[in-house]
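One structure is given here, and the rest of the page talks about it.
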Amino acid sequence: MFAIAFLFVRVLCDCFKSRRLLEAEVLVLRHQLNVLQQRAPRRLYFSWADRALFVWLYRGYPRILDAITILRPETIVRWHRKGFAAFWRWKSRPLGGRPQVDKEVRDLIRRMSFENPLWGAPHIHGELLKLGFDVAQSTVSKYMVPRRGRPSQTWKTFLHNHADGIASIDLFVVPTIAFEQLFAFLVLGHGRRQLLWFAVTRHPTAEWLARQITEAFPWDKAPAYIVRDNDRAFGSVFRRRIQAMGIRDRPTSFRSPWQNGHVERLIGSIRRECTDHLIVLNEEHLRRILAKFSAYYNGWRPHVSLGKDAPDGRPIDRFGDIVAHAILGGLHHRYARI
């Protein structure tokens, strides 16, 4: 850079010299170049400043190529073309392009696509517009979860859509203080795991069970299916009654309690959380116990399958003092704010 600056200073000084003196200096410089060209290495290396100076002089005075001796004229032309290409490459550089889609929107598109396999890009795009996200439909198509073949619902969704029309029934035995056996009849709805009905008897006949089904379900609210085991108590009278109510009977296979797992799980919960810790006196005592536990089970007890909610739906209390209410004499407690 210093050499180039010194060169421009010499150019300014030459403006004040006579023509004959300038011609003599030109002659001496050319002779020096000839001497250096004979003794210098075959290839010279130029800095970017030297190359820029040669290109600038060539653009202003193309005829200077005739005075070049330390490099070939084609070299300067090649440098000029490279500079031209670099200039337009810089001028045509991308200045940012499309604005980037926020991670929140991308995650929401993938979530909607995963949770709703039957939705396409137009449906998801419409939902996003209603949620206040201004994105293009092509963006939604880009970030959707890729699928192979025809979209299909999951087994969990399929079973959940049919759970409201299914109920399970079963009997379990509770011993009394006098070593007698009481039979508790339970009706469980699969939709919200609700304990819909319970009854207690010493002798569960088919006529008694048929009457309990009639009392448990009004004629216009009967489930589509009832799942039960193959107990002999569910005789012909019981089967005719549920058929008259428009309920389809679905008995399980012999010795297969796992096929009626929902009500079996309910019976296990009643035993572990209630009857195994109490001594039942008689039928009326067992009814009172089951009534209190049923209210606690449906209204307050959290269920894992319901997202830690109660079958009847339990509101969230955020304000007030927490008060405990004893259930079954303190065997359980329900907590609420007042």
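The values are calculated or read from the model by the stated rules, or taken from the named source; none is laboratory data. This structure is a prediction, so every number in the text was calculated from the model and none was measured. Cβ sites come from the backbone with ideal geometry, for glycine too, and all protein chains shown count toward neighbours.
At positive phi and assigned by TED's automatic domain parsing to the domain that holds residue 215, is that true of residue 268? The answer is no for residue 268.
For region 269-328, a residue qualifies if it is loosely packed, with under 10 Cβ neighbours inside 10 Å, assigned to a loop (DSSP other than H, G, I, E, B) and of a type outside the set (A, V, I, L, M), and the qualifying residues are 307, 308, 315, 318, 319, 320, 321. Close contacts from region 169-188, counting a first residue that is among the aromatic types (Phe, Trp, Tyr) and a second that is in a loop (DSSP other than H, G, I, E, B), with Cβ to Cβ under 9 Å and a gap of 6+ residues or different chains, come to 183/202; 183/203; 183/204; 183/233; 185/204. Output the residue which, of all residues in region 268-302 that are of a type in the set (Asp, Glu) and farther than 13 Å from residue 172 by Cβ, is nearest to the chain's Cα centre (by Cα). This residue is 273. Among residues of region 229-250 that are among the small types (Gly, Ala, Ser), those with a Cβ under 7 angstrom from a residue that is outside any strand (DSSP E or B) and surrounded by fewer than 16 Cβ atoms within 10 Å (Cβ to Cβ), sequence gap 6+ or separate chain, pair up as 233/205.
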